[in-house]
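Structure first, then comments.
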Amino acid sequence: MSARRIARCLLRIAFLLALSVGLFSCASTSKMRAVSTKTDEVGKLATENQRKSEQLRDDLNSLQRKVEQLSRRARVQDAETKQSLKELAQRLDELCASVDDVSQQQESLRAAVLDLEDMIDRFSQKNARDKGHRSRKRIFAAARKDYNSGNYRSAIMGFRNYIAAYPNSSVADDAQYWVAESLFAARQYKKAIKEYKGLLEKYPKSDRTAESLLRLGMCYQRLGKQEEAAKFFTDVS
């Protein structure tokens with residue numbers, strides 16, 4: 001091979017090498033740019049995620065603080081409510097004890113009144129005409145016996161018969177009261193409310209007023225109507 005041919009081959013090889021190096025260099029630069037761009041995007045995304053994570057952490061901490069505050073308030077309010085209910089229960093017990101004492105005294109007085117009315121009836125013409133009928137004391141006593149025995153239906157009928165026969169009796173209000181008491185004992189609270197209110201309307205000066213107000217409060221309490229109950233408990237006190 002001549003020297004000229006060898007020189008041409010070498011030139012071609014050198015050209016191809018230079019071309020290959022140029023192409024590789026361009027391809028590498030393009031890839032590097034793409035990688036750099038991708039890296040920037042990943043960095044931005046990581047920064048944004050970190051910012052959001054910190055914001056969520058701050059929101060969570062704030063929410064936890066609010067929950068703790070609400071829990072503390074609820075505990076305080078619950079304690080206050082329990083104390084109020086405890087005081088109300090104590091007051092109610094005191095009222096019930098007072099009412100029981102008064103009731104016992106009234107029972108003795110009413111028994112004496114019934115005896116006196118029977119004596120008057122025995123000397124009256126009306127009593128002579130109604131000789132075959134039971135005395136008012138017996139009617140009242142029979143109804144009370146039914147009540148004490150738990151025969152509330154019979155007791156209610158007996159007391160109502162007494163009121164119908166002796167509407168102007170000095171213990172008619174007492175008979176009305178025992179109608180209501182029988183219904184209360186039978187847990188017929190709505191009907192009992194009607195009878196207690198009827199007593200207050202028909203006999204505004206009755207000495208059963210305080211007891212009826214207390215029972216009205218207890219009826220509403222048993223029915224779950226605490227606001228209504230509180231009104232009557234307040235009236236008693």
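Return the residue satisfying two criteria in turn: it lies in the range 185-218 and is of a type outside the set (D, E, K, R) and farther than 20 Å from THR234 by Cβ, and of such residues it is nearest to the chain's Cα centre (by Cα).
GLN188
Could you please give the count of residues in the range 67-87 that are within 18 Å of the chain's Cα centre (by Cα) and of a type in the set (A, V, I, L, M, F, W, C)?
The number of residues fulfilling the criteria is 4.
Identify all residues within the range 194-237 that are within 27 Å of VAL171 (Cβ to Cβ) and among the hydrophobic types (A, V, I, L, M, F, W, C); write none if there are none.
Of everything in the range 194-237, those that are within 27 Å of VAL171 (Cβ to Cβ) and among the hydrophobic types (A, V, I, L, M, F, W, C) turn out to be LEU199, LEU200, ALA210, LEU213, LEU214, LEU216, MET218, CYS219, PHE232, PHE233, VAL236.
Can you tell me how many residues within the range 67-85 are farther than 30 Å from PHE233 by Cα and either modelled with pLDDT of 75 or more or aliphatic (A, V, I, L, M) (or both)?
Counting residues in the range 67-85 that are farther than 30 Å from PHE233 by Cα and either modelled with pLDDT of 75 or more or aliphatic (A, V, I, L, M) (or both) gives 5.
Of the conditions (1) part of a helix (DSSP H, G or I); (2) modelled with pLDDT under 95, ASN168 satisfies every one except a single condition; which number is it?
(1)
What residue, among those in the range 117-141 that are at pLDDT 90 or above and surrounded by 17 or more Cβ atoms within 10 Å (Cβ to Cβ), is farthest from TYR196 (Cα to Cα)? Please lay out each step first, then the result.
Kept after step one, since they are at pLDDT 90 or above, are these residues of the range 117-141: 138-141.
Within this subset, residues satisfying the condition of being surrounded by 17 or more Cβ atoms within 10 Å (Cβ to Cβ) are 139-140.
Numbers: ILE139: 21, PHE140: 18 Å.
Of everything passing the filter in the range 117-141, ILE139 is farthest from TYR196 (Cα to Cα).
Only one of these is of a type in the set (S, T, N, Q) and buried (at least 17 other Cβ atoms within 10 Å of the Cβ): SER149, SER154, SER169. Name it.
Working: SER149 fails: buried (at least 17 other Cβ atoms within 10 Å of the Cβ); SER154 fails: buried (at least 17 other Cβ atoms within 10 Å of the Cβ).
That would be SER169, the only listed residue that is of a type in the set (S, T, N, Q) and buried (at least 17 other Cβ atoms within 10 Å of the Cβ).
Which residues, counting only those in the range 183-212, are among the aliphatic types (A, V, I, L, M) and either at pLDDT below 95 or within 18 Å of ARG138 (Cβ to Cβ) (or both)?
Correct list: ALA210 only.
If ALA180 passes every condition in (1) at pLDDT 95 or above; (2) surrounded by fewer than 16 Cβ atoms within 10 Å (Cβ to Cβ); (3) part of a helix (DSSP H, G or I) but one, which one does it miss?
All conditions pass for ALA180, except number (2).
The values are calculated or read from the model by the stated rules, or taken from the named source; none is laboratory data. Note that the coordinates shown come from a computational prediction; the quantities given were computed from them, not determined experimentally. Note that each Cβ is placed from the backbone with ideal geometry, even for glycine, and that neighbours are counted across all protein chains shown.
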